1. If you check Arg368, Arg359, Arg331, which single one turns out to be more than 22 Å from Glu283 (Cβ to Cβ), in the same structural domain as Trp400 (by TED's automatic domain parsing), charged (D, E, K, R) and surrounded by 13 or more Cβ atoms within 10 Å (Cβ to Cβ)?
2. Please specify each residue of the range 57-104 satisfying the condition of being buried (at least 18 other Cβ atoms within 10 Å of the Cβ), aromatic (Phe, Trp, Tyr) and under 16 Å from Val42 (Cα atoms).
3. Going through the range 152-163 one residue at a time, which ones are modelled with pLDDT of 85 or more and either surrounded by fewer than 22 Cβ atoms within 10 Å (Cβ to Cβ) or within 16 Å of the chain's Cα centre (by Cα) (or both)?
4. For the range 37-66, name all the residues that are in contact with a Lys or Arg (Cβ under 9 Å, 6 or more places away or on another chain), within 23 Å of Asn138 (Cβ to Cβ) and either free of Cβ contacts under 8 Å to residues at least 60 places away in the same chain or not in a helix (DSSP H, G or I) (or both).
5. From (1) out of contact with any strand residue (DSSP E or B) (no Cβ under 8 Å at 6 or more places or on another chain); (2) modelled with pLDDT of 55 or more, pick out the condition that doesn't hold for Asp391.
6. Please find, within the range 230-272, the residue that is nearest to Asn301 (Cα to Cα) out of those that are among the charged types (D, E, K, R) and touching a helix residue (DSSP H, G or I) at 6+ places or on another chain (Cβ under 7 Å).
7. Kindly provide the set of residues from the range 133-148 that are buried (at least 16 other Cβ atoms within 10 Å of the Cβ), modelled with pLDDT of 85 or more and more than 16 Å from Arg375 (Cα to Cα), ordered by number.
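The values are calculated or read from the model by the stated rules, or taken from the named source; none is laboratory data. The structure displayed is predicted, hence computed values, not measured ones. Here the Cβ positions follow ideal geometry from the backbone for every residue, glycine too, while neighbour counts run over all protein chains shown.
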Amino acid sequence: MSTDSSILYPYQKRYLQDASRFKAGMMARQIGKTFTTTLEAVIDVLEAEAAGRIAKWTILSVSRDRALDAMDSGVKVHLRAFAQAFEALDVPFAADELAHVVKLPGGSYIRAIASKPSTARGMSDNLILDEFAHHQDNRAIWTALFPVISKPNLKLRVISTPNGRGDKFYELMTAPDSLFSRHVVTIADAVADGLPRNIEELRRGIADPVAWAQEFECQFIDSASAWLPFELIDGCEAEDLPDDLPAAAPVFVGVDFAARGDLTVIAVLKRVGDVLWLVDLVEMREAKFSEQLAALAQVFNTHRVMAAALDQTGMGEMPVQEAQRAHGQSRVHGVLFSAAAKMEMATALKEAMEDRRLRLPAGNPALRSDLHAVRRVAGPTGIPRLVAERDENGHADRFWALALAVTAARTGGESHYAYQSVPLRAGGRFGRGAW
């Protein structure tokens with residue numbers, strides 16, 4: 001099937017002309033990777049129709065909106081360019097999912113659905129994994145889908161920008177014995193091939209070296225994925241708690257509440273000079289609120305608590321009010337976990353660790369895992385946000401309890417995002433190192 005290749009840049013032509021059964025493309029943002037990959041699927045179904053065969057393609061996208069965009073801005077555009085008649089349908093695919101489908105007269109089709117492990121099963125199509133590094137739980141999706149293309153005539157296409165180290169896309173692009181034909185196209189590569197973009201303008205506009213390296217230079221950077229790299233955690237660990245920490249030293253507390261499933265965690269930091277020592281980490285699972293409040297009361301009775309920051313989001317409303325009644329509103333502050341509040345607290349924690357003003361006990365793998373579990377990702381609008389996968393150990397609960405405790409140490413518990421109204425400090429946010 002011939003196509004007008006004048007609309008394609010050389011890097012797109014190279015990718016399109018690669019007929020390998022397994023093909024992966026790691027490409028910078030907004031350089032046409034979905035456009036090119038959907039063109040390959042369209043050419044394949046048109047060739048099948050012309051030969052009296054049926055070809056089937058399924059696009060697994062990171063969300064329903066992305067699936068629809070792949071169809072509207074990719075598949076349908078190409079079919080219209082070839083003057084090919086087709087029928088566009090939205091059909092139920094699973095209990096809570098909708099498939100966007102274009103069907104050709106001979107029975108061939110291309111469809112796009114939101115990616116989940118459950119949606120990856122039960123089909124026998126050529127597959128496109130669009131922005132695969134950003135699919136939630138992409139390892140489980142991979143396990144579910146790979147048997148789908150076990151038939152030797154089926155093809156698999158994986159395209160994405162990177163999203164840090166450690167996920168399945170990272171493995172596909174770096175494994176030395178990979179089955180995949182791999183293509184890497186940075187923004188510099190695309191511009192060198194004629195794409196009209198101002199690289200310096202883009203760099204200055206994004207104003208974030210980590211995001212630039214990931215989104216435009218296609219680099220796998222641990223700090224782009226893990227908010228706290230292991231190297232940073234290692235530098236804050238101490239083999240033993242000093243014996244001479246003053247009993248009357250001021251203490252700051254952070255509490256991440258949970259009703260079921262996740263952990264309730266109480267982090268207790270003692271300040272000696274300008275260093276915060278993690279002297280206790282109380283962990284409770286499936287505990288009643290009365291039990292959680294009793295554990296918090298024990299901390300107040302044991303230590304000289306100056307301030308405590310408690311998660312007041314959702315189910316935290318009641319225990320925060322009870323803690324304030326028991327220990328005083330001047331010491332206990334509730335914090336609402338908005339995206340901005342989470343970024344503020346996580347930044348406070350990271351800066352304390354970078355400045356070596358936080359000491360953690362060595363030999364605690366659960367704590368290390370939680371601290372490394374929170375990832376920095378680009379949201380749909382490009383604004384960074386923090387996420388963590390939920391597993392059998394919780395939902396990064398130790399991370400957030402510790403971040404709350406550090407916030408209490410910096411601000412006396414009075415975060416901008418406290419439930420009660422509090423005056424903002426000069427400049428609108430607490431300053432680095434303001435203990």
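1. After applying the criteria, what remains is Arg331.
2. Trp57, Phe86
3. Kept after step one, since they are modelled with pLDDT of 85 or more, are these residues of the range 152-163: 152-162.
Selection gives Pro152, Asn153, Leu154, Lys155, Leu156, Ser160, Thr161, Pro162.
4. Lys56, Trp57, Thr58, Ile59, Leu60 - these are the residues of the range 37-66 that are in contact with a Lys or Arg (Cβ under 9 Å, 6 or more places away or on another chain), within 23 Å of Asn138 (Cβ to Cβ) and either free of Cβ contacts under 8 Å to residues at least 60 places away in the same chain or not in a helix (DSSP H, G or I) (or both).
5. (2)
6. Step one: filter the range 230-272 for residues among the charged types (D, E, K, R), giving 231, 234, 237, 239-240, 243-244, 256, 260, 262, 270-271.
Among the residues that remain, those that are also touching a helix residue (DSSP H, G or I) at 6+ places or on another chain (Cβ under 7 Å) are: 256, 262, 271.
Numbers: Asp256: 19, Asp262: 26, Arg271: 17 Å.
Within the range 230-272, the match that is nearest to Asn301 (Cα to Cα) is Arg271.
7. Ile141, Trp142, Ala144, Leu145
The rows are residues; the columns are (1) surrounded by fewer than 17 Cβ atoms within 10 Å (Cβ to Cβ); (2) in contact with a Cys (Cβ under 9 Å, 6 or more places away or on another chain); (3) more than 17 Å from Ala133 (Cβ to Cβ).
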site: Asp167; (1), (2), (3): no, no, no
site: Ala175; (1), (2), (3): yes, no, no
site: Thr186; (1), (2), (3): no, yes, no
site: Ala207; (1), (2), (3): yes, no, yes
site: Phe220; (1), (2), (3): no, no, no
site: Ala226; (1), (2), (3): no, no, no
site: Leu232; (1), (2), (3): no, no, yes
site: Glu237; (1), (2), (3): yes, no, yes
site: Asp240; (1), (2), (3): yes, no, yes
